[in-house]
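Peer 1: Below is the structure I would like to discuss, written out as structure tokens.
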Amino acid sequence: MSDEIIVRRHGQVMEIAFNRPDKKNALTVAMYEAVVAAMDQAREAPGLRVVVFSGTPECFTSGNDVGDFMNSPPVDENSPVIRFLQALVTFPKILVAAVNGPAVGVGTTMLLHCDLVYAGENARFQMPFVNLALVPEAGSSLLLPQLAGHRKAAELLLLGEAFDAGQAREIGLINEVCADDATRERALERAGRIATRAPEAVRLTKALLVEGRSQPLMERMALEGRHFGERLQSPEAREAFTAFFERREPDFSRFE
């Protein structure tokens, strides 16, 4: 695995950790490839029952590395980011997340696919797709309204503003708010406890919880992906990303 993705085995639990702290754990194509490889390994590994996603104590992930993303945009289903999102949807074992600090973009939307999520008091969540002249991804336009209701989902996706762990708990995005220095340990403890349960019963229970969801979710992700690809080529997106690199607010006033 890449040094920027650390994979640790804790008995029947695998931990996949984002480890690029100098860039706030911004995700590159190579990091997505490493995560997908780890998830493929976990899917097939006998005796491995739970995967835990974590970051560093100060940051879960700031989302996609913008420069890397623009150089290698997700153009088809073979793109590492698309394969990562598909792996989240189809993963048959339990997924747990431990979130500290910023969880931006995919750092928030991936949590919609986790079975359990624990967040530190310092956690901050954000889905700023519209701010970048893009559209939601990872099926979040379907899953977030189901979780939080239409109006709250519209607020979070249309304004793209950050929200804290308390608000995330209120809308059901996370299970529990933890002390910052206890988040990872809490997630691993819960994962370890699930790993002691009857494995086939756990597998079937997860399958029942998501029964009927995979097909509409894949269809929504495909629709999001088409719009996302079109938006990447749009004049609005060019203005948004130019403004990002120039460290200024984008000016959309000339667009209809």
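The values are calculated or read from the model by the stated rules, or taken from the named source; none is laboratory data. Remember, predicted model here, so these are calculated numbers, not experimental data. Methodologically, a virtual Cβ is constructed for each residue, glycine included, from the backbone with ideal geometry; neighbour enumeration extends over all protein chains shown.
Peer 1: Here are some conditions: (1) buried (at least 19 other Cβ atoms within 10 Å of the Cβ); (2) in contact with a strand residue (DSSP E or B) (Cβ under 9 Å, 6 or more places away or on another chain). ILE82 meets all but one. Which one does it not meet?
Peer 2: (2)
Peer 1: Among LEU147, LEU204, LEU134, LEU158, which is the only one that is at pLDDT 95 or above and surrounded by 19 or more Cβ atoms within 10 Å (Cβ to Cβ)?
Peer 2: Sole residue among the options that is at pLDDT 95 or above and surrounded by 19 or more Cβ atoms within 10 Å (Cβ to Cβ): LEU134.
Peer 1: Can you confirm whether VAL89 is touching a residue at least 40 places away in the same chain (Cβ under 8 Å), part of a helix (DSSP H, G or I) and either in contact with a Ser or Thr (Cβ under 9 Å, 6 or more places away or on another chain) or crowded, with 20+ Cβ neighbours inside 10 Å (or both)?
Peer 2: Considered against the rule, which asks whether it is touching a residue at least 40 places away in the same chain (Cβ under 8 Å), part of a helix (DSSP H, G or I) and either in contact with a Ser or Thr (Cβ under 9 Å, 6 or more places away or on another chain) or crowded, with 20+ Cβ neighbours inside 10 Å (or both), VAL89 comes out as yes.
Peer 1: If I go through the range 179-215 residue by residue, how many of them are more than 14 Å from ARG49 (Cβ to Cβ) and either among the basic types (Lys, Arg) or within 19 Å of the chain's Cα centre (by Cα) (or both)?
Peer 2: Residues meeting the conditions: 7.
Peer 1: Being within 11 Å of VAL29 (Cβ to Cβ) and among the aliphatic types (A, V, I, L, M) is the filter here, so list the residues in the range 40-81 that pass it.
Peer 2: Passing the criteria: only VAL81.
Peer 1: Hey, any hits in the range 52-68 for a residue that's in contact (Cβ under 8 Å) with a residue 12 or more places away in the chain, surrounded by fewer than 18 Cβ atoms within 10 Å (Cβ to Cβ) and closer than 20 Å to HIS227 by Cβ?
Peer 2: Looking through the range 52-68, at least one residue is in contact (Cβ under 8 Å) with a residue 12 or more places away in the chain, surrounded by fewer than 18 Cβ atoms within 10 Å (Cβ to Cβ) and closer than 20 Å to HIS227 by Cβ.
Peer 1: Mind listing just one residue for me: the one in the range 114-127 that is surrounded by 23 or more Cβ atoms within 10 Å (Cβ to Cβ) and under 22 Å from LEU158 (Cα atoms) and, of those, farthest from the chain's Cα centre (by Cα)?
Peer 2: Here the answer is ALA123.
Peer 1: Hey, another quick one. On the given criteria, is GLU121 closer than 22 Å to ASN25 by Cβ and acidic (Asp, Glu)?
Peer 2: Against the criterion (closer than 22 Å to ASN25 by Cβ and acidic (Asp, Glu)), GLU121 qualifies.
Peer 1: Among the residues of the range 1-38, which ones are more than 16 Å from the chain's Cα centre (by Cα), acidic (Asp, Glu) and crowded, with 16+ Cβ neighbours inside 10 Å?
Peer 2: GLU4
Peer 1: Listed residues ALA133, ALA98; which is touching a strand residue (DSSP E or B) at 6+ places or on another chain (Cβ under 9 Å) and farther than 22 Å from GLU211 by Cβ?
Peer 2: Checking each option against the conditions leaves just ALA98.
Peer 1: Inside the range 39-51, can you point out the residues that are crowded, with 21+ Cβ neighbours inside 10 Å and under 20 Å from LEU112 (Cβ atoms)?
Peer 2: Listed by number, the residues that qualify are MET39, ALA42, VAL50, VAL51.
Peer 1: Still on this structure, please answer the following. Which helices (runs of 4 or more DSSP H) does the range 144-246 wholly contain that include 2 or more residues that are of a type in the set (Gly, Ala, Ser) and either touching a helix residue (DSSP H, G or I) at 6+ places or on another chain (Cβ under 9 Å) or more than 20 Å from GLY107 (Cβ to Cβ) (or both)?
Peer 2: The helices (runs of 4 or more DSSP H) meeting that bar are 150-159, 183-195, 199-209, 214-232, 235-245.
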